[in-house]
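> Just passing along the structure, written as structure tokens.
The values are calculated or read from the model by the stated rules, or taken from the named source; none is laboratory data. Model, not experiment: these values are computed from the prediction. So basically every Cβ, Gly included, is an ideal-geometry build from the backbone, and we count neighbours across all protein chains shown. Surface accessibility is based on the protein's heavy atoms, side chains included, excluding ligands, DNA and RNA. Shrake-Rupley method; radii C 1.70, N 1.55, O 1.52, S 1.80 Å.
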Amino acid sequence: MTGFQIPRNSLAWMLLAQSAVIAPHLTRLPYWTIALCVVCVLWRVMVYQGRWSYPGRWIKVLLVFFGIVGLALGYGTFLGLDPWVGLLIMMFVLKLLEMHHKRDGYVVILLGYFVALTQFLYDQGIPSTLYMFLCVTMITAALIGLNQTRSHTRPAQTFKKAFVLLMQSVPLMVVLFVLFPRISPLWTVPLQTEMAITGVTDTMTPGNIALLVQSDKLAFRATFADEVLPLSRLYWRGLVLSRFDGTSWTQELQALYGRLYRPGQRTTSWQDNMELLGEKVTYSIILEPTGQNWLFSLTMPEGSLKEGIGLVRDFRFYSLREIRSKLHYELTSHLNYRIDRDLSDFWRYRYTLLPKDSNPRSKRLANTIRENSLNQADYIRNILRRYNLDEFVYTLKPTVLGDDSVDEFLLDSKRGFCEHYAGSFVFLMRAVGIPARVVVGYQGGEYNRIGNYVEVRQYDAHAWAEIWQQGQGWIRVDPTSAVAPSRIESGLESAVEDENTFLANLPLSWMKYRQILWLTEIRLQISAISYYWDSWVVGYTPSVQMSLLTRYFGDLDRKRLGMLMLTTFFGLLGIVAMFILGKRSHKLLQPIDREYLRFCQLLAKQGLPRSVGEGPIHYAQRIGQQRPDLASAMQVVTDAYVRMNYAEDQPEKTDSLRSAIRAFRFRTLSISS
Amino acid sequence: MNSSANTPDSTVWRSTRFRQWLDRRMPPSNAITLDQKKIFILPTREGVFFSLLIVFMVLAGINYQNSLIFALAFLLASLLMVSILHTYRNLSGLTILAGGTLPAFAGEDAEFTVMLSRLGARTYEALLLGWNRDLLQGADLLEDEEVKIKLFVETRVRGPMNPGRLLIQTNYPVGLFRSWTWVDLDMSTIVYPSPVPAGDIPVVSASSDEGKLLAREGVEDFYGLREYQQGDPLKQVAWKSYARTGELLTKQFSAFADRRIWLDWESYPGMDREARLSRLCYWVLKLDATNNEYGLRLPGVEITPHRGVEHREEILKALAIFEVEEFELEQVS
Amino acid sequence: MPGPMEETIAGVGSVLLGKEHQIKLALTCLLSRGHLLIEDLPGMGKTTMSHALARVLNLSYNRIQFTSDLLPADVLGVSIYDKDSGEFNFHPGPIFSQLVLADEINRTTPKSQSALLEAMEERQVTIEGQTRPLPIPFFVIATQNPNTHAGTFPLPESQLDRFLMRIELGYPDAVAERILLKGEDRRVVLERLEPTMNTRQLQAFQDEAEQVKVSEALLDYIQRLVQHTRAAPEFAYGLSPRGALALLRCARSWAFIENRHHVVPEDVQAVLPSVVEHRLREAADFSGHGGSALAQRLLTKVDVIG
């Protein structure tokens, strides 16, 4: 127990940085751990003030014990990311009570950097990043404070120094960021234990999409390689729900779907079921984390994505791992297509399957209409016309439905949201033997012309239907367009304009003020910035890196990339070094002095240096004695310098000196030649 | 009697080859301005740990495919590199000037003054310097253009002392790198023998006429009483005491008869050289404190009695370098 | 056609051989209206130089030999009771002349020294409550033997400041010495010296010397020099503002003697040792290395440009 005392300067920044770094984690930490943090910080402050001493060994053991028990109770497990982050934070604060040596200070600081890192596992947004930069600056200030002499007690100066150091590091960081060869994960790592599931889910019960669209959270952004399609054509398929239990629609059993399809892999039988009929569109999507497995795409996507993501039987992408962080993917979709031209009896059976006893009235209704229709097409038309005319209301406040939800909706309440229409439509199709399924995803979006992308938010969530026709395959039918065409044309807000329910729970949402132009402008700006951030910083994945670098440097293998990185890095480091080391250690010289000193250097190169303290006249005399050949030219230069600098007192006028030096140079040249 | 025994951190000088190399690279000088030829820089232990931290962070970035973790790792890696420049900068351009030295008595700390000086706008912070790696003294050059620093070096044996190369190092700003240099400021001082109290003042061999100098019986300072002996001057009889007690006592006065005392090597026969020098040294200090005139006789050395600071220094120096080998003396001069 | 300055230097130089630099310094000091201290061993020509200066500049000249029994009144003068008039008549002391040679000033008591120094500073003498101005111009050349000589009262440092310059004459070189040995008696030469200017001219020159131009660059240089003495640890204390002003004043006069209308760094360097050396002291703990004088080190450490 030496008397080492962390410098005040360093301790102050350490405590501040610690609080700042832990703050974003507070909501995720168990109360126990938070209490422990507070105790440790206060204790450390008391130690600093000399009121308390460091805790004894047993108290420390006790604190560790409580900390671990607290974590265990709080998380219930030590698997996953959160408990480990909690453990790290706990070590970080407990170390405060054990700073007997300078190296303990270093341990706290290194832990601090690591805790700062964990924040990025939870949030990679711009505000979070800026905040963490602040935290890192504070930690660095603590590090600098640790190395300053004890007499140095100006925390603001220390912080400034840290900031300067980091700002000088930023250009180098950018080089490394862009050029450091990115590789795929080396092993699996624990992820967040709990991840809130957002967006559409794989169960569609009447009312749950209506609930989802109360949110203005971002679902994803899509950038089109060429022109943006009109919003009404943007049907972002996410899920295909084909099992109905009378109330809810769910996905087909996984077992029946078979494996994922990836190009080059010929083990599945359905991959040739898509016929491409021309028009295609290329686009990329940055998907916000959903905690679920499905990806969104326009009909019908082809091609491949990264490892662990592939097409499933109904032509949409599925990720084997849940999407816990932003996912950037590029793909091509065919707008004209024909899938499943033939449907096997088995699948025909699956897609027409309805629970036996549910919704009897609807089944009867279907049969009645079918009997009154000429053919299948006419039947479908009749159904849609019915939605359109028969006083159906498109509303965000549908009536709560009971067990036979389709019956109640179609025949009694007639008030519903897209899932009601899609669900009941598929029901009516299946009731007369037309294979049909519900598709859930998003429809439309908002075009951001600043960033040239389409932004899709939760309130764009939508459900529609696909029916199978012999010879045509699966066809999209959106019954919502029959009841509320404006939903498809211009989005939800105008579709529910009359009842004023758009984002009713979010009075302050930006999205509610779209009619205020300047506000919209700002919102689009911010959104665009965050889009670029997501696509170029957060979404800077190995593939993005490769495509970017090949665009500028041609084909790069990892070795050449490494070389490129090192040369650029050290080149830039050289520039930074010049900036840091080249700062003139003298005060600014007058122009005439600069000229004259340059002249002296010229002579010094010829072995005739001016010594320190030697005045110009003496120098000229000495040179004149040593080199009579230079005497007269030297005299001219010296006269010019002395006249301007000492007689005329005009050190900013260098013309006469310059011309004298030029003459001198000429003379020395002609002598040497 | 070897001056290198006075070099504090002899472990550093294990390798003579390194020493020779240093001597060529940085010849001894009273004023040294540090440039890249003279500054060494290497990561500290903390710097190594910091690098490991960065490696961990990059691994985390790879495994979580998290760009911002990469960014943080790269920021810290860049900080590490930039800190090399800053740590180097924190020595480069610094001028170190040799200042004065104060002699010491063997076993005490000798004082060496060095001055750090900066040019213009560049500032220096958290510099550490000293001859002993474990006992470095901190210094800042922020507002001041020059600072004087007094450094103390432990001495062990008398004689001329050259503390060797001075270590100047800094970890500033982030402690991840250490830049340092060893400069030989060509400073030396003299270490006097450590004074050892010696009972009686060494009276004097009779080799010289002016030698008989301390007389117990003087006239000036009253010293004590003793029994009257035949022949004592009546003037000195303590009549008052006689009147009171009836006992005949003589007042004793002491004085240094002409106050010119010779401190003589021969006063301590049988002792070894160092013991003698230590005792002589003790008396030098004693006599100087009482403002006496004293001289010194060593084999082959004779300094005539005198008083004053300069005289004392001269005598102490003679004691210090007595029978120290020639080449070492040259080093000092 | 040599100007009066050249003539003056040549005139004194004919008596004091091979000492042109010292003569110029003395003249600089005089032009700057300052007093001069010459420190040297006896017999080096201190007296000769001052006498010669007085002659060529046409100044009234008095020599005061300072001895240990010299009283202030012997310097300043006394009031003596005149029986005839029944009044006290003031008899001015030797100080009442334009050029006073105060010989071996360190031989006298501090009391007499300070009488002289006060008069030098104030250019007037106050005796028995009455203030009497000293003649104009008034110029004191004091000489002193190096302090190591016995029986002296060295001038305290604070008093040394009263002298604008301190110079040493030094031994003559071989050529000069040979001429001295072979040639005629210098005293005879001295008697033959003709004045080169009158008092009014001298005063005009003094005024003109003050007008010599000083550029910003030169002031920078002087400030750097002064700053160095204050910052560098080898100096026990830095140069005072008065010292800095003295340096500037002397540099101007030197430039004037050199026939220049502006000051260049070489002027500063020429006068610097004489101006600053008696105002500075080496720090105690910095003695013992580097043989060159303090001022020389100052000159080689502070650059002219920068």
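> Net charge within 11 Å of A:Cys40 by Cβ-Cβ distance, Lys/Arg positive one each and Asp/Glu negative one each, not counting A:Cys40 itself?
Values: positive: A:Arg44, A:Lys60, A:Lys95; negative: A:Glu98.
Its environment carries a net charge of +2.
> With a 1.4 Å probe and every protein chain left in place, work out the accessible area per residue of the stretch C:211-301 in Å², rounded to a whole number. Don't skip to the end; give the middle numbers.
Values: 3530 Å² over 91 residues.
On a per-residue basis, the stretch C:211-301 sits at 39 Å².
> Could you report the accessible area of B:Thr290 in Å², rounded to 10, computed with a 1.4 Å probe on the protein chains as they sit in the structure?
80
> Turning to a different aspect of this structure: Residue farthest toward the positive end of the dipole of the protein assembly as shown, with Cβ of Lys/Arg at +1 and Asp/Glu at -1: which of B:Thr189, A:Gly562, A:Leu186?
After comparing all options, I get A:Leu186.
> Can I ask one more? Top to bottom by accessible area (1.4 Å), largest first, where do A:Asp407, A:Asp245, C:Asp173 land? Numbers along the way, then the final one.
Values: A:Asp407 5, A:Asp245 100, C:Asp173 80 Å².
If we order A:Asp407, A:Asp245, C:Asp173 from most to least accessible, we get A:Asp245, C:Asp173, A:Asp407.
> Let me ask another. So what's the angle, to the nearest 10 degrees on a 0 to 90 scale, between helix C:20-31 and the longest Cα principal axis of chain C?
Once rounded, the angle reads 70 degrees.
> By how many nm would the segment from B:Glu108 to B:Phe40 lengthen if fully extended, with 0.36 nm per residue of separation less the alpha-carbon distance? Intermediate results must be reported in sequence, preceding the final value.
On the way: separation 68, 0.36 × 68 = 24.48 nm, distance 3.20 nm.
Taking B:Glu108 through B:Phe40 to full extension adds about 21.3 nm, to one decimal.
> Once the Cβ-Cβ distance between A:Ser128 and B:Asn291 is put in as r, and R0 is 56 Å, what FRET efficiency do you end up with, to the nearest 0.05?
On the way: r = 79 Å, r/R0 = 1.42.
That pair, A:Ser128 with B:Asn291, gives E of 0.10.
> Then there is this: Which whole-Hz ³J(HN,Hα) couplings does the stretch C:201-218 yield from phi under the Karplus relation 6.51 cos²θ - 1.76 cosθ + 1.60, θ = phi - 60°, glycine and proline marked x?
Result, rounded to whole Hz: 4, 4, 5, 4, 5, 4, 5, 5, 4, 5, 8, 4, 6, 10, 8, 4, 4, 6.
> How high is the FRET efficiency from A:Arg364 to A:Ala225, r the C-beta distance, R0 60 Å, rounded to 0.05? Let's see the in-between values first.
Values: r = 50 Å, r/R0 = 0.83.
The pair A:Arg364/A:Ala225 has a calculated efficiency of 0.75.
> Report the full-extension gain for the segment A:Glu521 to A:Met565: residue separation times 0.36 nm, less the Cα-Cα distance, to one decimal in nm. Could you put the intermediate results ahead of the total?
Working: separation 44, 0.36 × 44 = 15.84 nm, distance 3.86 nm.
Going from the current span to full extension adds 12.0 nm.
> In the stretch A:3-30, whose amide N lies under 12 Å from the spot 7 Å out along Cα-to-Cβ of B:Phe49? List them in ranges.
No residues fall inside that zone.
> Ok, one more. By the scheme Lys and Arg +1, Asp and Glu -1, what is the net charge of all other residues having a beta-carbon under 9 Å from that of C:Ser240? Before the final figure, lay out the partial values.
Details: positive: C:Arg242, C:Arg279; negative: C:Asp161.
Net charge in that neighbourhood comes out at +1.
> Could you work out the local net charge near A:Gln525, counting Lys and Arg as +1, Asp and Glu as -1, over the other residues with Cβ closer than 13 Å to its Cβ?
Details: positive: A:Arg449, A:Arg523; negative: A:Glu455, A:Glu521.
Summing Lys/Arg as +1 and Asp/Glu as -1 gives 0.
> In 5 Å bins starting at zero, report the fraction of Cα pairs in the stretch C:100-253 per bin as a rounded %.
2, 6, 10, 13, 15, 17, 17, 12, 6, 2, 0
> What are the ³J(HN,Hα) values, in whole Hz, obtained from phi via the Karplus relation 6.51 cos²θ - 1.76 cosθ + 1.60 with θ = phi - 60°, for each residue of the stretch B:183-198 in sequence order, with x given for Gly and Pro?
10, 9, 7, 6, 9, 8, 9, 10, 10, 7, x, 6, x, 10, x, 10
> List, by residue number, every residue in the stretch B:121-149 with a reduction of 50 Å² or greater in accessible area between the chain on its own and the complete protein assembly, 1.4 Å probe.
B:Arg122, B:Glu146, B:Lys148
> Additional query: Say the dipole of the protein assembly as shown comes from +1 at the beta carbon of Lys and Arg and -1 at that of Asp and Glu; which of B:Ser179, A:Leu320, A:Ser19 then lies farthest toward its positive end?
Selected residue: A:Leu320.
> Residue by residue, what Karplus-based ³J(HN,Hα) values in Hz, rounded to whole numbers, does the stretch A:648-653 have, using 6.51, -1.76 and 1.60 with θ = phi - 60° and x for Gly and Pro?
For the stretch A:648-653, the Karplus curve yields 8, 6, 10, x, 8, 8 Hz.
> Another one. With every protein chain left in place and a probe of 1.4 Å, what is the accessible surface of B:Thr101, to the nearest 10 Å²?
40
> Once fully extended, how much extra length lies between A:Leu374 and A:Glu322, figured as 0.36 nm per residue of separation less the alpha-carbon to alpha-carbon distance?
Numbers: separation 52, 0.36 × 52 = 18.72 nm, distance 4.68 nm.
Separation in residues times 0.36 nm, less the Cα-Cα distance, equals 14.0 nm.
> Shifting gears a bit: For the interface of A with B, what's the total buried accessible surface in square angstrom, probe 1.4 angstrom, rounded to the nearest hundred? List each step's numbers first, then the result.
On the way: alone 33870 and 18460 Å², together 47550 Å².
Summed over both sides, the interface buries about 4800 Å².
> Ordering A:Trp13, A:Trp468, B:Trp21 by how much accessible area each has at a 1.4 Å probe, largest first, what is the list? Mind dumping the intermediate values first?
Working: A:Trp13 30, A:Trp468 10, B:Trp21 90 Å².
Ranked from most to least accessible, the order is B:Trp21, A:Trp13, A:Trp468.
> Hey, if you put +1 on the Cβ of every Lys and Arg and -1 on every Asp and Glu Cβ in the protein assembly as shown, which of A:Tyr596, A:Met634, A:Thr550 ends up farthest toward the positive end of that dipole?
Toward the positive end, the furthest listed residue is A:Thr550.
> Shifting gears a bit: Tell me, what is the 1.4 Å probe accessible area of A:Leu506, in Å² to the nearest 10?
Rounded to the nearest 10, that gives 60 Å².
> Charges only on Cβ, +1 for Lys and Arg, -1 for Asp and Glu: so what's the dipole of the protein assembly as shown about the Cα centre, in debye to the nearest 20? Write out the running numbers ahead of the final one.
Details: 137 positive and 137 negative charges, 707 e Å.
Roughly 3400 debye, rounded to the nearest 20.
> Now for a separate question. Quick one: order C:Asp74, B:Asp140 from most to least accessible surface, probe 1.4 Å. Display every interim value, and only then the final one.
Details: C:Asp74 75, B:Asp140 30 Å².
The ordering from most to least exposed comes out as C:Asp74, B:Asp140.
> With labels modelled as points extended 7 Å from the Cα through the Cβ direction, what inter-label distance (nm, one decimal) is found for B:Glu266 paired with A:Arg476?
The answer from the label model is 12.5 nm.
> Can you give me the % of accessible surface on the protein assembly as shown that is carbon or sulfur? Probe 1.4 Å, all protein chains present, nothing else counted.
Numbers: 33210 of 60060 Å².
Ligands and nucleic acids excluded, carbon and sulfur give 55 percent.
> Please go through the stretch B:14-87 and write out the trypsin sites (Lys or Arg not before Pro) that DSSP classes as loop and that have at most 16 other C-beta atoms within 10 Å. Could the numbers behind the result be given before it?
On the way: sites: B:Arg14, B:Arg17, B:Arg19, B:Arg24, B:Arg25, B:Lys37, B:Lys38, B:Arg45; in loops: B:Arg14, B:Lys37, B:Lys38.
Filter output for the stretch B:14-87: B:Arg14, B:Lys37.
> Continuing with the same structure: Reachable aspartates and glutamates from A:Lys95, Cα under 17 Å, same-chain residues fewer than 8 places away excluded?
A:Asp104, B:Glu46
> How far is it, in nm, from the label point at A:Arg57 to the one at C:Leu180 when both lie 7 Å from their Cα along the line to the Cβ?
8.8
> Scan chain C and report its longest stretch carrying no trypsin sites (Lys or Arg not before Pro) that are both in a DSSP loop and have at most 15 other Cβ atoms within 10 Å. All intermediate terms of the calculation are to be shown ahead of the outcome.
On the way: sites that count: C:Lys83, C:Arg123, C:Arg281.
Here the longest run is C:124-280.
> Simple spin-label model, 7 Å along Cα-to-Cβ: C:Arg281 to C:Asn89 in nm?
4.7
> Then there is this: Among the lysines, select those whose C-alpha is under 19 Å from the C-alpha of C:Lys24, and discard any that sit fewer than 8 residues away in the same chain.
Within reach: C:Lys46.
> Take B:Thr16, project a point 7 Å from its Cα along the Cβ direction, then tell me which residues of the stretch B:150-172 have their backbone nitrogen under 18 Å from it.
B:164-165
> Using a Debye calculation, one point per C-alpha and no hydration shell, please list log10 I(q)/I(0) for the stretch C:211-301 at q = 0.18, 0.21, 0.22 Å⁻¹ in order.
Log10 I(q)/I(0), no solvent term: -0.74, -0.96, -1.04.
> What is the angle, in °, between the Cα long axis of helix A:102-122 and the longest principal axis of the Cα atoms in chain A? Nearest 10 is fine, range 0 to 90.
Its long axis makes an angle of about 40 degrees.
> Mind listing which trypsin sites (Lys or Arg not before Pro) in the stretch A:444-509 are in a DSSP loop and have 10 or fewer other Cβ atoms within 10 Å? Intermediate values should be presented prior to the final figure.
Numbers: sites: A:Arg449, A:Arg457, A:Arg476, A:Arg487; in loops: A:Arg449.
Answer in residue order: A:Arg449.
> To the nearest 0.05, what FRET efficiency results for A:Gln214 and A:Arg381 with a Förster distance of 45 Å applied to their C-beta separation?
On the way: r = 33 Å, r/R0 = 0.74.
The formula returns an efficiency of 0.85 here.
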